[in-house]
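Read-outs: derived from the displayed coordinates by stated rules, not from any lab. It should be emphasised that the depicted structure is a prediction, and the values quoted were computed from it without experimental measurement. Cβ coordinates were reconstructed from backbone atoms using ideal geometry, including for glycine residues, and neighbour counts include every protein chain displayed.
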Amino acid sequence: MIKKIFPSVLLILTATLLVMGIFTYHNTKGLYYDFVEDGLNRALTAIEGSILDSEDFYDPSENLMIRHTMESSDYRITLIDEEGRVVFDTDRDAETMQNHADRPEILDALSGNPTRSVRYSESIGADMMYKAVAMELDDGSTGILRVSMKLSLTRDILTMSLRELAVYLFFAFAAAALFSRYLIGYMLRPVKDISFFAKKIAGGDYEERMSWYANDEIGDLATSLNDMADRLEETFQMLSNRNVELEVILKSILDGIIAVDPTYHIKIINNSALQLLGVDPNRHWVGKNLREILPKDSLFREMDDVYAKDGDESVYYKEVKIGDKTVRVAYGKINDNDQVNGYILVLQDITQIRRLENIRKDFVANVSHELKTPITSIKGFVETLREGVDDEATRNHFYDIIEMETQRLIELVEDILTLSFLENEESGREGVEDRIHPGVVLREMIQMASKLAREKDIRIESQIQSDLPEIPFKEEYFRQMCLNLLDNAVKYSPPASKVWVTLKREEKYLKLIIADQGMGIPEEAKERIFERFYRVEKGRGRKEGGTGLGLAIVKHIVQSQGATITVDSEPGKGSTFTVTIEIVRY
Ligand code: ADP
């Protein structure tokens, strides 16, 4: 800035001093001319008086005043008659001189208004000042007295004084230049400070403050800037706190949140959203276009649709498929002064909810179906009996069927209740507190299962380790689990086969293994047998009196107690179910 102002100041200084110099030159010149004219006037008065007194206008060579003037000064005296002829001249021969009637000073004198005339004299070869007066001579004619002086003398004096003036002006110029340089620097210092301060603030250093407190406009400006910096610092602090809060909220929220600008460039995206969209969470996605991430996705198609809609309602809900996930999306517009400034998408993964809903629907349908068969059968036999069956053996057979179907119904309802109880328990479970002796309980269950086994001539061989520790397991559940697995092993084994039951410790685990020589389970059904009402073949299980819920109950029990179950089977050769329970749990 100083580089701009200083040359301008120098220019103004030069121009001022130049104008001053020219003015002084003219003024001094004027003064000198006045001074010379004054001399001429005095000489004119004296000589005019002398000529008029001595009446020697036409022969002035003996005039005392003229002689005296010639001797004592550099004045040139010329006498001219009214025709303009030169009568006498102190410097030249009057005879040889031109007619002077047209000289301005002569014309002025004749008109009665004598003025000075400055011009170059050819006869003298120098600048001269002339002044003339007209006199009434005794013979009635008019004579003109002209006194003139070379200006070269005065010009020398003028030049000298102007040279001096130039020296003074030069010093004045130098002093003024130095002083103005200092003054500009001094006055620009606060501007420099302010500029430095503004740069710091713009660079994000909100702690910087100005220390210019002079009681003037700059001081006021510094105070205002400091106030502004205070407010900026406060606002920035507030914003960064909000940002941190927002980041924590976005991170901790389970729903996916995406904010985009009107051209779909991402402004905010949280980890849940990245996970839902199945994109790399370690990459930087802010600034990228959402279309690049989801070029063909239905989420995007819906988005275009929703955002094309006008209207007051600013949030729309849609259910879309993203990959194999079902996602509920809330689409919101960010409006600012009737202008759409961007969009917000809130993504909620409802795959699990939809899956559970489907399972529940299937379950209800299955339950209805399972209940319908025995109820229809009971109803049919009761109606037949009411119509009257004479044969006692047939009647008893019908009673047996009704009893069997009723038992089936009871078992089905019991299993459904157990399952629903387990589901409720599971959601409110807080660790397993019961401890049991697994060997003791298992022996009891083998005894219970032996009744059915004997009917089919199946032998249950058990190998139960003697020194087994207590394990954390709900006794009632352990009973149910063992009974269901043993029941299945016997149910799905051919008569006169064997079932092996093993209970042993393997390091920190307890293993319950139930193996049979039955029909086995095909590979593709191994996972599915734990589903409710799943049967390997439609007839299998139902014929044997199973409800189709036994293994679903076992799976729930195992999960609720923190254990695992696996099945190993070869169709036609037999199946082995293994339950692994952690003995010590911390
Ligand atoms: P169910 O009450 O019908 O036995 P489960 O849930 O206990 O129902 O068993 C589901 C299906 O798994 C059965 O219908 C049967 O087809 C098959 N299954 C279970 N245990 C065995 C086993 N030990 N051997 C062969 N198949 C089995």
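Exposure proxy shown here: for 584, 413, the number of other Cβ atoms within 10 Å sets the order, fewest to most, as 584, 413. Each of residue 249 and residue 366 was given a label point 7 Å from its Cα along the Cα-to-Cβ line. The distance between the two points is 4.3 nm.
Ordering 116, 231 from the fewest to the most neighbouring beta carbons within 10 Å gives 231, 116. In this simple spin-label model, placing a label point 7 Å from the Cα along the Cα-to-Cβ direction at both residue 470 and residue 195 gives a separation of 8.6 nm.
Along the axis of the charge dipole computed for the chain (Cβ charges of +1 for Lys and Arg, -1 for Asp and Glu, origin at the Cα centre), the listed residues 97, 286, 45 are led at the positive end by 286.
Fewest-first ordering of 131, 372, 474 by other beta carbons within 10 Å of each residue's beta carbon gives 372, 474, 131. Share of pairwise Cα-Cα distances greater than 30 Å in the chain is 77 percent (whole percent).
Legend: distances between Cα atoms for 361/491; 361/555; 251/555; 451/498; pairs beyond 24 Å are 361/491; 251/555. Calculated FRET efficiency, residue 74 to residue 141, Cβ-Cβ distance, R0 = 30 Å: about 0.50 to the nearest 0.05.
Counting 0.36 nm for each residue step from residue 223 to residue 164 and taking away their Cα separation leaves a gain of 16.1 nm. Between residue 443 and residue 230, the simple spin-label model (points 7 angstrom out along Cα→Cβ) gives 8.7 nm. The simple Förster model, with R0 at 56 Å and r as the Cβ-Cβ distance, assigns residue 396 and residue 325 a FRET efficiency of 0.45. Entry note, the chain: the mean residue ellipticity at 222 nm calculated from DSSP H runs of n ≥ 4, each adding -39500 (n - 2.57), is -18000 deg cm²/dmol after division by the residues and rounding to the nearest 500. Each peptide in 481-487, 224-230 was scored by the mean count of other Cβ atoms within 10 Å over its residues; highest first, the order is 481-487, 224-230.
Think of the stretch 2-158 as a dipole: +1 on every Lys or Arg Cβ, -1 on every Asp or Glu Cβ, centred on the Cα centre; then among 58, 17, 72, 17 lies furthest on the positive end.
Given +1 at the Cβ of Lys and Arg, -1 at the Cβ of Asp and Glu and no other charges, the dipole of the chain around its Cα centre is 4800 debye to the nearest 20. Of 210, 182, 256, which is farthest towards the positive pole of the chain's charge dipole, taken about the Cα centre with +1 and -1 on the beta-carbons of Lys, Arg and Asp, Glu respectively? Of 210, 182, 256, it is 256.
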